[in-house]
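The values are calculated or read from the model by the stated rules, or taken from the named source; none is laboratory data. Being a predicted model, the structure only gives us computed values, none of them experimental. Here the Cβ positions follow ideal geometry from the backbone for every residue, glycine too, while neighbour counts run over all protein chains shown.
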Amino acid sequence: MLIQSILIIAFGGAFLTYILGKASSALRDFLAVLISVSLTVLIFLAYGKTGEIAFASFMNLPLVLRINHLSWFFAIAIQTVTTLSVIFSLSYMKGKERVDFYYLMMLLCNSAMLGIVLSGDFVSFYIFWEIMSWSAFLLISYNRGGALYAGMKYIVMSIIGSMCMLIGIMSLYSTYGTLNIREIHDLISTASGEYLLFISILFLAAFGVKSALWPIHVWLPPAHSEAPSPFSAVLSSILIKMGIYGFVLILYVISGAALYLGLGGGSFRYILTLLAAITIIIPTFNALMQDDAKRLLAWSSIAQIGYIILGISIGTSLGLIGGLFHFFNHVAFKALLFLAVGAIEYRTGTRDLNSLGGLIKKMPVTFIAVLAGTFGLIGIPLTNGFVSKWLIYKTLILNNHPFLAFAALVGTWGTILYSYKLIHNIFLGQLPENLEHTKPAPASMKLPFIILSVVIVLFGILPGIPLKLINLITASLGFDLLNINIWGIASESGPLNIINIFAAFAVALIVVWFFFLISGKKVVISQDNSYAAGIDVPKGKYHYTVDFYNPMFRMIKPYFRDYMDEFYSQLVKALASLSDRVRRLYCGDLGVYVIYIVLFLSILVISKIGLNLW
Amino acid sequence: MIIIITSLVITMLAGAIAACALRDLLSAAIASCLVSLAAAILFYFLQAPDVAMAEASIGAALVTAILVIAIRRTERQE
Amino acid sequence: MRKIFSLIILIILALGVYICISEIPFGKPGTAVGNYYIEKGIEETGAVNIVTSIVLNYRGFDTLGEVTILFLASLGLGAILATVQNKTRGVITPPSLILTTACRFLFPFILMFGAYIFLHGHLTPGGGFQGGAIIASGFLLRYLGCPQKRIRQSSFVAIESLGGIAFIIIGLLGFTAGGFFLFNFLPKGVANTLLSAGIIPLIYIAIGLKVGAEMAGIIDTLIEES
Amino acid sequence: MVNPILLIIAPLSAAFIIPLMGYGLKRIVKFIPPLVMGFNLVVSLSLAPKVIKNPIIVFLGGFPPPFGINLYVGPLGILFSCVISLVGFIVSIYALNYIKQGAEQKYHALYLLLLTGATGIVLTGDIFNLFVFYEILCISSYALVGYTGEKAGIESASKYLIQGSLGSSLILIAIALLYGKFGTLNMADMASRIDSVHTMELFFPLVLFITGMGVESAIFPLNAWLPDAHSSAPSTISAILSGIAIKIGIYALCRVIFTIFGATDILQFLMLLGLVTLLVGEFSAFSQDNIKRMLAYSSTGQIGLIVFAMGVGTQYGISGGLFQFTTHALSKSLLFLTTGYMIYRAGSMKISALEGMGKKMPLTSVAFTIGAFSLIGLPPFIGFPSKFMIVYSVLARQSGLYIVFLALVLAGTVIEGAYFFKVIQAIYFKGERKDDRAKEAPLSALIPVIILVLLIIGIGIYPKVLTSILDSSAAELLDRIGYIKEALK
């Protein structure tokens, strides 16, 4: 009953918000927040519940909703981010056009995502999946201009993905006569290896598109950067994670670890981990080259997805825990970063890294938030990102994957570089003249920052809280329960104790602080000092955030073009010219049309007489 | 009997080819009238007087008249 | 190029059709239904002309459809031409006196002949369509011979519609009387007399008038516009 | 019980009456089509439950089947007749205010005759009668395409006429050949005499049938008339042509192939034909900048999908094809109706002229979006269950070749999605951000649009309303023996 009410409130609330928005905008804002918050509460209440309810039927197939640890875990992440984004939107969307529509699509997308994780059979999964796809499309296109192209790219790739999924689902249905996930899991052990591989590849394509796995990631950077910022947060932190959910679903819930590891003689796993490693490296360095803050974050999202998939695809308990935990952490810090960039864009009107700078004094709370976010992103100890990355490294090392571990490490170096670029170009350095009067972010934007920052640090210090739940999830997927305490993992296969790290960190901090204390008094060094040798420079002209990392670009640029994107554009161009050529068959000349009819008739006749085809 | 039928069929064929080949539309219309007329006679010999009557009055007379009127509205040459 | 191409296709098609048709035995028609019509036709419908009995009784519904097609043709022509607005009338050379007089003289006879054909449709070859066409050719002659004289379009339209409605009403009367649409509910009468074959003469009258009006209407529309 | 003959007679007699009303009753003429189609809709719906159990055979003139003409009112016929009268009803409401120029009365009469023809085709049990109604359908559509009197309309109407009559003549020859062979015109009787062996005597008529009916049902490469005709006709007519007329061609084709010939060995060919039609249609639509031409090409694609599903040849596949037929009838008429007033307001058929319509005509734009989503097959609209059924039926054949076919079909769907989403973006997110005052379509246009939207969403969420009639229709198509038995009882 609880699950049904969650979905009913989610969908009903979305439409109610839209209708109410026609009457009063204040009421609409209030309702949107109310619905999101109450959904969060409801989902919280559902913690620990497991169950399955058939709520309707579609083409003689029962549609089933089910809740378990896995779906609760994803649902709470979804709902938290949406709630925070909606709160963020209150001031962000003020005075823009079609705000009713914006809220409708935001809440609809949220409801669909909740539906995805709560559905217990593949038909409802697919239905919610598609609703999510098109509502996200409408929101990505919202900003007009370049957003149209981004939306187009997104929806076309997403349809291709869902068509693959449709084939996969229908194939399962025609083979097993049921689409209930639990029943399929019971039946699938009888499947032949080839069939399982076929299904897995189809689902890999479907979920890979959504989670932006290389080489089918090209929709993501434009879509994330062009969407309205609150929705970028939703896109990056949870919408693409629906692909991760799908991976977990198909690899562990449906097939189970044993079957998955044996898929195609183990080559499937091998290819998946390889793809994940590529997904880490290439996008990381692409992110480095971006000048648009949101595009940078978008590329970074792809790279982080690579970590998650890498963790999941290794196929051990620790890896899965690491992957799922990294998913959760990425939700937190990527949502935070996108919202922060949204706040900066809201206040300054730009997100071009070359024209920002020195905002640390103007927007201190935002700075702290971005700092927390980037620390998490890099994986600096005492943030949650550290724990999950630690777990993933540990898995890779324990399972003898030196190259993959190296790839992950390279990815982290890159992450440090672009994170620094982000934080430096926005907050440090020289404040451009036109940004002198920047106001701090409004309260409704600060609230999400604070909450998410707290989450990042809290789970960095006390990783046991989420790990306990994740451990339950992996246990329900057939892995052994690990011994988890509040500070980390106590089992011998991957010991992790935050207290030790905390202690080491504290000691280091004290030492540094001590040296800092004894090193004498504080000298304020003006920008002119370090930059122009004390001579006055005209303000605004020497903005040294422009072309950050320029020497490095020159080095890596030839290797890190987005080859896949170019490939797809060529493909689309070829298809367009083909379609133009096909269209020319209808040339408007009646004589030719009559020839077509005669030709058709003669082909039919010949196929019998000459070729004896039928 | 067979001679009559054969000659009628040949007339029909000739009329049809002429209707296609002639560039003067009026002549083509008359040629197609010839086809109908021959067909009507053919029908009569094939013991279908009802069809023959219909063919004669509609195919030979009315359709030709309509074609001629239509040609008068447009151009005479193809 | 295109001509050669289409010629080649046509030759191939002709060859194919020839091979197809050469395997079909012509001249030996299957007569599953035909024999029944010949045997039982007069008895069941009262019409001596078997063709008529088939056209109007066994397959009366087809005839209704065919009548509708004709109706459609004139309606469609009217619809399309009604909006085309170029009434640049060519100079009409008045026909000679002899022609005019002959037309006037012949016109009623042609009408009468047409009426005869559709009235005797159930007895002799012919029927509504043929009679109607002959009537229309009378009108054609009149238009050619005396171009000044015109008949109001609307009267043609009215006759068309009334003819169609009459057909349907007769059908519906059969439905109420016998339970079947187009049921031959009237007494069959004695074969070979004018008042026989039940509803067949009635329908033929309707069809004859209708077809005549339609054809004449089409010609009228075309001439009007030219 | 209402006699199904009324389904044909009512619109026919109304069409005959309309010209008589030219004097004085001119105003009420336009209310006749909605009235008659409403009546037809009620009759068809009331017949549906009975027909699913037992088909109704109606003798015309009181002669039993092989000798007279009969109507075979089975589930298939009633399904089609329901859709025809539904779409006809909705479009005729739309036409109340939309049709203003030209010979208005004649338009309404022609419109009714078109629907008469369509209903006649699906209900009749006699091949020649089918041909007669087919001609009624075709000729009225020729006339309606050109009825506005514009040059483009007349040109495309005459092209349509020439190609259509070529097709009709082929059908006539085929019927003549069959009649010469079997001496009967009744479909059931003919079916009972056709041996399962395919000799040349049967092959040639079959080929002629496929070609002839392919012209009307817009199978590639016989569909060259379609884009011209659909784009130059008034929007109501485009909706009817696309929603009904071409589907009737498919019906006739299926009736001939499945019921008369029982030709299961050409099903794979049919699938291939559908696939090619689909791909060509979608590709051509992809590079269109004229919205109506785009919709027209998309109709070709959808026809391809329907033919493809019919070619699967299983009960489920045919149900899926019929479901897709319903989907397309509803969605495509919705699309044409909504674009009708958009074009009227924008003054151009270019897609770029529709920019900013989301602001100017919000309801119409939403309806357009829903129609497009439904055609692409997105849930929760009606297009989804139909696509679901088709995909399932193909995969249920468990054959590698079929999976390749299916992948190509779905690739076509992706292309379709691409161009529809482009239009949706143009409607909502392109153009100046001017605050134009909303200038919505009139109420008489909104009501039908809203009805269609409700149907699309309703059936999309609860497809069960259709499944029983779809299943029994598919069974009727597949069960030749049953058909023969019922018809010749």
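General observations
- Residue match in the stretch D:433-442 (condition: in contact with a helix residue (DSSP H, G or I) (Cβ under 9 Å, 6 or more places away or on another chain) and assigned to a helix (DSSP H, G or I)): no
- From the list D:L477, D:L454, D:L443, the lone residue that is crowded, with 22+ Cβ neighbours inside 10 Å and of a type outside the set (S, T, Y) is D:L477.
- Test: residue in the stretch D:397-414 that is within 9 Å of chain A (Cβ to nearest Cβ), assigned to a helix (DSSP H, G or I) and either closer than 25 Å to A:E97 by Cβ or hydroxyl-bearing (S, T, Y) (or both): yes
- Residues in the stretch A:185-204 that are more than 10 Å from chain D (Cβ to nearest Cβ) and surrounded by fewer than 18 Cβ atoms within 10 Å (Cβ to Cβ): 11 in all.
- Those helices (runs of 4 or more DSSP H) of the stretch D:203-261 in which at least 2 residues are more than 24 Å from D:Y483 (Cα to Cα) and touching a Leu at 6+ places or on another chain (Cβ under 6 Å), considering only elements entirely within it, cover D:235-240.
- Looking only at the stretch C:47-85, and only at residues there that are more than 7 Å from chain D (Cβ to nearest Cβ), more than 18 Å from the chain's Cα centre (by Cα) and surrounded by fewer than 24 Cβ atoms within 10 Å (Cβ to Cβ), the one that is farthest from C:G174 (Cα to Cα): C:Q85
- Taking residues in the stretch C:12-38 that are within 8 Å of chain D (Cβ to nearest Cβ), and partners anywhere that are assigned to a loop (DSSP other than H, G, I, E, B) and of a type in the set (S, T, Y), the pairs with Cβ atoms closer than 8 Å and at least 6 places apart or on different chains are C:E23/D:T199; C:G30/D:T184; C:A32/D:T184; C:V33/D:T184.
- For the stretch D:166-178, residues that are at the interface with another protein chain (Cβ under 8 Å from one of its Cβ atoms) and farther than 16 Å from D:F133 by Cα total 2.
- Of all residues in the stretch D:285-340, none satisfies the criterion of being modelled with pLDDT of 90 or more and assigned to a loop (DSSP other than H, G, I, E, B).
- Looking only at the stretch D:380-396, residues that are within 7 Å of another protein chain (Cβ to nearest Cβ) and outside any helix (DSSP H, G or I) come to 1 in all.
A quick yes/no check of all residues on (1) surrounded by fewer than 24 Cβ atoms within 10 Å (Cβ to Cβ); (2) in contact (Cβ under 8 Å) with a residue 24 or more places away in the chain; (3) farther than 26 Å from D:A445 by Cβ; (4) of a type in the set (A, V, I, L, M, F, W, C):
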{"residue": "D:S299", "(1), (2), (3), (4)": "no, yes, no, no"}
{"residue": "D:A309", "(1), (2), (3), (4)": "no, yes, yes, yes"}
{"residue": "D:S365", "(1), (2), (3), (4)": "yes, yes, no, no"}
{"residue": "D:G371", "(1), (2), (3), (4)": "no, yes, no, no"}
{"residue": "D:V394", "(1), (2), (3), (4)": "no, yes, yes, yes"}
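- A:F74 being in contact with a Phe, Trp or Tyr (Cβ under 6 Å, 6 or more places away or on another chain) and either outside the structural domain of A:L469 (by TED's automatic domain parsing) or not in a helix (DSSP H, G or I) (or both): yes
- All positions within the stretch D:121-148 that are over 20 Å from D:A239 (Cβ atoms), of a type outside the set (F, W, Y) and facing chain C (nearest Cβ under 7 Å): D:N129, D:V132, D:E135
- Considering the stretch A:118-145, and only residues there that are under 18 Å from the mean Cα position of the chain (by Cα), more than 7 Å from chain D (Cβ to nearest Cβ) and within 22 Å of A:L2 (Cα to Cα), the residue that is surrounded by the most Cβ atoms within 10 Å (Cβ to Cβ) turns out to be A:W129.
Okay, residues lined up against (1) buried (at least 20 other Cβ atoms within 10 Å of the Cβ); (2) within 20 Å of B:M12 (Cβ to Cβ):
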site	(1), (2)
B:C33	yes, yes
B:A38	yes, yes
B:Y44	no, yes
B:Q47	no, yes
B:I58	yes, yes
B:A61	yes, yes
B:I71	no, no
B:T74	no, no
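- From the list D:K485, D:K422, the lone residue that is among the basic types (K, R) and surrounded by 17 or more Cβ atoms within 10 Å (Cβ to Cβ) is D:K422.
- Within the stretch C:148-196, tally of residues that are crowded, with 17+ Cβ neighbours inside 10 Å, among the hydroxyl-bearing types (S, T, Y) and part of a helix (DSSP H, G or I): 1
- Filter pass, D:K422 being closer than 29 Å to D:G358 by Cα, facing chain A (nearest Cβ under 9 Å), at pLDDT below 90 and touching a Gly at 6+ places or on another chain (Cβ under 7 Å): no
- When the stretch C:197-226 is filtered for residues that are on the phi > 0 side of the Ramachandran plot and either part of a helix (DSSP H, G or I) or surrounded by 24 or more Cβ atoms within 10 Å (Cβ to Cβ) (or both), only C:A197 remains.
- Restricting the stretch D:358-385 to residues that are more than 16 Å from A:L138 (Cβ to Cβ) and among the hydrophobic types (A, V, I, L, M, F, W, C), the residue that is farthest from the chain's Cα centre (by Cα) is D:M361.
- Looking across the stretch A:164-184, the residues that are assigned to a helix (DSSP H, G or I), touching a residue at least 40 places away in the same chain (Cβ under 8 Å) and either crowded, with 17+ Cβ neighbours inside 10 Å or facing chain D (nearest Cβ under 10 Å) (or both) come down to A:C164, A:M165, A:L166, A:I169, A:L172, A:Y173, A:I181, A:I184.
- Filtered residues of the stretch C:116-173 (kept if at the interface with chain B (Cβ under 10 Å from one of its Cβ atoms), over 23 Å from C:V48 (Cα atoms) and out of contact with any Phe, Trp or Tyr (no Cβ under 9 Å at 6 or more places or on another chain)): C:A136, C:S137, C:L140, C:Y143, C:L144
- Residues in the stretch D:267-282 that are surrounded by 22 or more Cβ atoms within 10 Å (Cβ to Cβ) and either more than 11 Å from chain A (Cβ to nearest Cβ) or over 21 Å from the mean Cα position of the chain (by Cα) (or both): D:M271, D:G274, D:L275, D:T277, D:L278.
- Residue in the stretch D:157-168 that is within 18 Å of D:A191 (Cβ to Cβ) and modelled with pLDDT of 90 or more present: no
- Scanning the stretch C:125-152 for residues that are among the polar types (S, T, N, Q) and touching a Gly at 6+ places or on another chain (Cβ under 6 Å) yields a total of 0.
- Test: residue in the stretch D:64-74 that is touching an Asp or Glu at 6+ places or on another chain (Cβ under 9 Å), away from chain C (no Cβ under 11 Å) and among the hydroxyl-bearing types (S, T, Y): yes
- The one condition in (1) under 18 Å from A:L251 (Cα atoms); (2) at the interface with chain D (Cβ under 9 Å from one of its Cβ atoms) that A:L148 fails to fulfil: (1)
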